[in-house]
Amino acid sequence: VGTSASVTYGNGVAQGSTTGTSASATGLAGGTTYYLRVYAGTNCNNSNSGYGTSAAFTTLVDCTTPTTQASPITFSGVGTNSMTANWTNGNGSRRVVKINTSNSFTAPGNATDPTANSSYGGSGEQVVYNGSSNSVTVTGLSAGTTYWFRIYEANCTGSSSLYYTVSANGNPISQMSDVKGPVITLLSPNNETVIDNHPTFKMTFNKNVEIGNGYLKVYKKGSIVPTLSVPLNGLMINWNNVVVTYNSAINGLEKNQEYFVLVDAGAFKDYSGNPFAGITSNSIWQFKTGKSYMTGIYDQEQNNIIIYPNPTKGALNISIDKSLEGNSKIDVYNTIGLLIQSKNNSFRNNTTQIDLSGYSPGLYLIKIDINNNTYFGKIIKE
């Protein structure tokens, strides 16, 4: 007997001789493949004649039942349709993990080695893991459902398998899958008329959120093209509250108009990674702008800049009460930030005029560069 298929007389371990048709071998290691070759001889002739080939056989593993159970079971990444079970291994060489919707389990039988499938079938107990690691991610779960997990330590494999079937601290244990992604509980402004044309948009969720990827978009009622599109970012989030601000100087809305707001799906997510479903209907978040624009020239009085009339039907006068030093420039932008008119060095006697008669009614931004300073203001075209 030897561990090589080419075992021959003299290089294997002789297991004795017999005049019968069987023999016993001792001192072999468990779980090892050996090769046997038989040689025939006679009492009167000491020569030996062996079979041309050897015969292979494998000894059984010397297997014992584990004595320490895996425990405790903890959970991470709990989502609406998946979760990860984690545990500290016992003293077995591997372990079998089962899941069920109730605390009812059938222990695996010795000499069995079940096949695992980590995608749960939806009902009854199921083996979701069979291996030597210390965690498994189970998918195919239903939202808001309680699942039970139980682990069995094991030694050996196949028909040699032996299982330790006693319970332990935190084994078995249950965990509920997440109900769903974050849900809006409050919107502002909603079903109301704001004081002017520049609302601050606020959302409150039923749980803390973090940023995903998406936009808040404002549409004029009846339109399919957004008037305002604001990229969302993490600085807008305070736990479960989101405050969306934007540059009113270049992104204003029209006065006395009805609008609705949409938010991209996945723009936010909860701490488990479950995404916000988004606001995709034009009937959920609606508001109306006020009868006046948010107006004003920043630093106008301090710098003696006078813009009139504002609102205007066409001609807009700009005058300054200081002597010009160097060049001057006036730029006018629409609400999406597009430059629509620009004038250089147009002041005469500290006064100039801009003609807006060819532009649509609405809000515009004016930028004035004079005396090495820049001033911004809002213009209303009627």
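The values are calculated or read from the model by the stated rules, or taken from the named source; none is laboratory data. The model shown is predicted, which means the values in this text are computed figures rather than measured ones. Cβ coordinates were reconstructed from backbone atoms using ideal geometry, including for glycine residues, and neighbour counts include every protein chain displayed.
Things worth noting here:
- When residues of the range 134-179 are limited to those that are in a loop (DSSP other than H, G, I, E, B) and aliphatic (A, V, I, L, M), the one farthest from the chain's Cα centre (by Cα): VAL166
- Filter result for ILE336 (under 21 Å from ASP196 (Cα atoms) and outside any strand (DSSP E or B)): yes
- Scope the range 335-361; condition crowded, with 18+ Cβ neighbours inside 10 Å and under 44 Å from the mean Cα position of the chain (by Cα); matching residues: THR335
- Of all the numbered requirements in (1) part of a loop (DSSP other than H, G, I, E, B); (2) within 45 Å of the chain's Cα centre (by Cα); (3) closer than 12 Å to ASP369 by Cα, ASP331 misses one, and that requirement is (1).
- Selection within the range 109-125 - over 27 Å from the mean Cα position of the chain (by Cα) and either more than 19 Å from GLY170 (Cα to Cα) or hydrophobic (A, V, I, L, M, F, W, C) (or both): GLY109, ASN110, ALA111, THR112, ASP113, PRO114, THR115, GLY124
- Residue list for the range 327-347, filter: more than 17 Å from ILE305 (Cβ to Cβ) and either out of contact with any Leu (no Cβ under 6 Å at 6 or more places or on another chain) or aliphatic (A, V, I, L, M) (or both): ASN334, ILE336, GLY337, LEU338, LEU339, ILE340, GLN341, SER342, ASN344
- Restricting ASN197, ASN190 to those that are touching a Leu at 6+ places or on another chain (Cβ under 7 Å) and not in a strand (DSSP E or B) reduces the list to ASN197.
- Number of positions in the range 241-271 that are more than 21 Å from THR227 (Cα to Cα) and surrounded by 17 or more Cβ atoms within 10 Å (Cβ to Cβ): 3
- All positions within the range 206-236 that are assigned to a strand (DSSP E or B), hydrophobic (A, V, I, L, M, F, W, C) and in contact with a strand residue (DSSP E or B) (Cβ under 6 Å, 6 or more places away or on another chain): VAL209, LEU216, VAL218, LEU228, VAL230
- Meets criteria (touching a strand residue (DSSP E or B) at 6+ places or on another chain (Cβ under 7 Å) and under 30 Å from VAL230 (Cβ atoms)) for MET176: no
- Comparison of ASN190, ASN206 shows that the only residue that is assigned by TED's automatic domain parsing to the domain that holds ASN256 and closer than 30 Å to LYS255 by Cβ is ASN190.
- Here VAL218, VAL225 are screened, and the one residue that is of a type in the set (Val, Ile, Thr) and within 28 Å of the chain's Cα centre (by Cα) is VAL218.
- Positions within the range 115-124 being surrounded by fewer than 16 Cβ atoms within 10 Å (Cβ to Cβ) and either in contact with a Leu (Cβ under 9 Å, 6 or more places away or on another chain) or not in a strand (DSSP E or B) (or both), in sequence order: THR115, ALA116, ASN117, GLY121, GLY122, SER123, GLY124
- Residue check, ALA107 touching a strand residue (DSSP E or B) at 6+ places or on another chain (Cβ under 9 Å), in the same structural domain as SER160 (by TED's automatic domain parsing), within 15 Å of ILE151 (Cα to Cα) and not in a strand (DSSP E or B): yes
- Restricting the range 362-382 to residues that are touching a residue at least 24 places away in the same chain (Cβ under 8 Å) and among the hydroxyl-bearing types (Ser, Thr, Tyr), the residue that is surrounded by the most Cβ atoms within 10 Å (Cβ to Cβ): TYR364
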